[in-house]
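Peer 1: Structure provided below as structure tokens; questions to follow.
The values are calculated or read from the model by the stated rules, or taken from the named source; none is laboratory data. Bear in mind that the values here come from a model prediction, so they are computed numbers and not experimental data. As a convention, Cβ positions derive from the backbone with ideal geometry for all residues, glycine included, and neighbour counts pool all protein chains shown. What goes into the accessible areas is simple: the full protein's heavy atoms, side chains included, and nothing from ligands, DNA or RNA. Shrake-Rupley method; radii C 1.70, N 1.55, O 1.52, S 1.80 Å.
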Amino acid sequence: MFEFAIARAHAWVDMISKPRMLAVIALLCVLLLIDIAWRGWRLSWSRRMVEGALATLALFHFNFFFVPLVWLCSEKVKQLYALAGIPSIPAEFWTPVSVWLLVPFAVLAHDLANYCNHRLMHLPWLWPVHAIHHSDPDVNGLTAYRIHILEGLVMWVSYTLLLTWLGLPDNAIGIGAVFIALLNVYVHINVDWHHGPFSLLIASPRFHRWHHADVPEAHGKNLANVCPLWDWLFGTYYCPGKCDERMGAAGVPENDVVKLILWPWQEWTRMITARCKALAGHVARLQFGAIKRP
Ligand SMILES: [Zn+2]
Ligand SMILES: [Zn+2]
């Protein structure tokens, strides 16, 4: 375990010094400075905001420490995928295409996979996992990194199943990943910016704030991370104007990290218990009916 911890500490240094992470950290710092200049120190960093930011950072580091377990599981899925013998487009097919055309294509393909994945995460049995992302009562740039480790696993599996066959080159995927990471931080910032005539092409903070709004009409809406066109096509687009609704997810712990990590298992236990009780009641009613009938 000690060696594992040392290895993860080295991996942390590697991760922090990667260009994608440096770009994200620089963007977060700039956004923080703008926010403080705009709202003032006290409003920008209320006690709840500080608690929320610390909870998100704690979750991020918990996930980072245990992410090798996710990789282990996703490797198994990749092996199963390879065994299934699903044909994929050969790498040479993409060679004549410019990387600057491949990047937007890779981003759109990733976003469609993410849309499907996100739609699944809003179904009752996966919601306890995804609810951790929605638990933040003060949505801001850091919220992008508030996810449960099991959500990371679901994402890796869905990308393997939905995108492997495309055989896209690594450089296009890598450049696209930097863009997606920066946009993911941008859409979470606490402003009412929208993109006017380009609103369906590229996600805005207003579009994603509606996704985090805790009101029934917005639940399960605005699921795309990059291109709201997917929501418009599949009937989940909802952006009626400025979003002043409460952020968060009622009933889900807000900033208690231990409760958030345990939340999916706690909810699944509650759901299974409720189903078992309902089934037992149903069987008892059938038996009672059978006894009563002559
Ligand atoms: Zn969601
Ligand atoms: Zn979000």
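Peer 1: In region 205-226, what residues are crowded, with 21+ Cβ neighbours inside 10 Å and either among the charged types (D, E, K, R) or assigned to a loop (DSSP other than H, G, I, E, B) (or both)?
Peer 2: Result: Arg209, Asn222, Leu223, Ala224, Asn225, Val226.
Per-residue answers, yes or no, for (1) more than 16 Å from ligand 2 (Cβ to nearest atom); (2) in contact (Cβ under 8 Å) with a residue 12 or more places away in the chain; (3) outside any helix (DSSP H, G or I):
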| position | (1), (2), (3) |
| --- | --- |
| Ala37 | yes, no, no |
| Ala53 | no, yes, no |
| Val70 | yes, yes, no |
| Tyr81 | yes, yes, no |
| Leu108 | yes, yes, no |
| Leu112 | yes, yes, no |
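Peer 1: Next up: Let me spell it out: the conditions are (1) assigned to a loop (DSSP other than H, G, I, E, B); (2) more than 16 Å from ligand 1 (Cβ to nearest atom), and Trp232 meets all of them except one. Which number is the exception?
Peer 2: Here Trp232 clears every test but (1).
Peer 1: List every residue pair whose Cβ atoms lie under 9 Å apart, where the two residues are 6 or more positions apart in sequence or sit on different chains, the first residue falls within region 208-225 and is of a type in the set (A, V, I, L, M), and the second residue, located anywhere, is within 9 Å of ligand 2 (Cβ to nearest atom) and open to solvent by less than 10 Å² (accessible area, probe 1.4 Å).
Peer 2: Matching pairs, first to second residue: Ala218/His211; Ala218/His212; Leu223/His211.
Peer 1: With the requirement that a residue be surrounded by 19 or more Cβ atoms within 10 Å (Cβ to Cβ) and closer than 18 Å to Trp232 by Cβ, what does region 113-129 give you?
Peer 2: Of everything in region 113-129, those that are surrounded by 19 or more Cβ atoms within 10 Å (Cβ to Cβ) and closer than 18 Å to Trp232 by Cβ turn out to be Asn114, Tyr115, His118.
Peer 1: How many residues does region 132-156 contain that are within 12 Å of ligand 2 (Cβ to nearest atom), in a helix (DSSP H, G or I) and either of a type outside the set (Asp, Glu) or open to solvent by less than 10 Å² (accessible area, probe 1.4 Å) (or both)?
Peer 2: The total comes to 8.
Peer 1: Continuing with this model, one more query. Can you pull out the residues in region 174-194 that are assigned to a loop (DSSP other than H, G, I, E, B) and either within 15 Å of ligand 2 (Cβ to nearest atom) or free of Cβ contacts under 8 Å to residues at least 40 places away in the same chain (or both)?
Peer 2: His188, Ile189, Asn190, Val191, Trp193
Peer 1: How many residues does region 195-216 hold that are within 16 Å of ligand 2 (Cβ to nearest atom) and not hydroxyl-bearing (Ser, Thr, Tyr)?
Peer 2: 13
Peer 1: I've got another one for you. Can Leu83 be described as within 16 Å of ligand 1 (Cβ to nearest atom), hydrophobic (A, V, I, L, M, F, W, C) and more than 25 Å from Val178 (Cβ to Cβ)?
Peer 2: Judged against the criteria, Leu83 is not a match.
Peer 1: Does Val252 qualify as being modelled with pLDDT of 95 or more, within 16 Å of ligand 1 (Cβ to nearest atom), of a type in the set (A, V, I, L, M) and closer than 21 Å to Met49 by Cα?
Peer 2: So Val252 does not fit the description; no.
Peer 1: Only one residue in Asn140, Asn171, Asn184 is more than 16 Å from Met121 (Cα to Cα) and in contact with an Asp or Glu (Cβ under 8 Å, 6 or more places away or on another chain), so which one is that?
Peer 2: Asn140
Peer 1: Being open to solvent by 70 Å² or more (accessible area, probe 1.4 Å) and closer than 29 Å to Val191 by Cα is the requirement here; does Arg246 meet it?
Peer 2: Criteria met by Arg246.
Peer 1: For region 256-280, give me the residue count where each residue is more than 25 Å from the chain's Cα centre (by Cα) and outside any helix (DSSP H, G or I).
Peer 2: Total satisfying the criteria: 0.
Peer 1: Restricting attention to region 150-171, which residues are under 10 Å from the mean Cα position of the chain (by Cα) and either away from ligand 1 (no atom under 16 Å from the Cβ) or closer than 23 Å to Leu54 by Cβ (or both)?
Peer 2: Passing the criteria: Glu151, Gly152.
Peer 1: Restricting attention to region 84-112, which residues are open to solvent by 60 Å² or more (accessible area, probe 1.4 Å) and hydroxyl-bearing (Ser, Thr, Tyr)?
Peer 2: Hits for region 84-112 are Ser88, Thr95.
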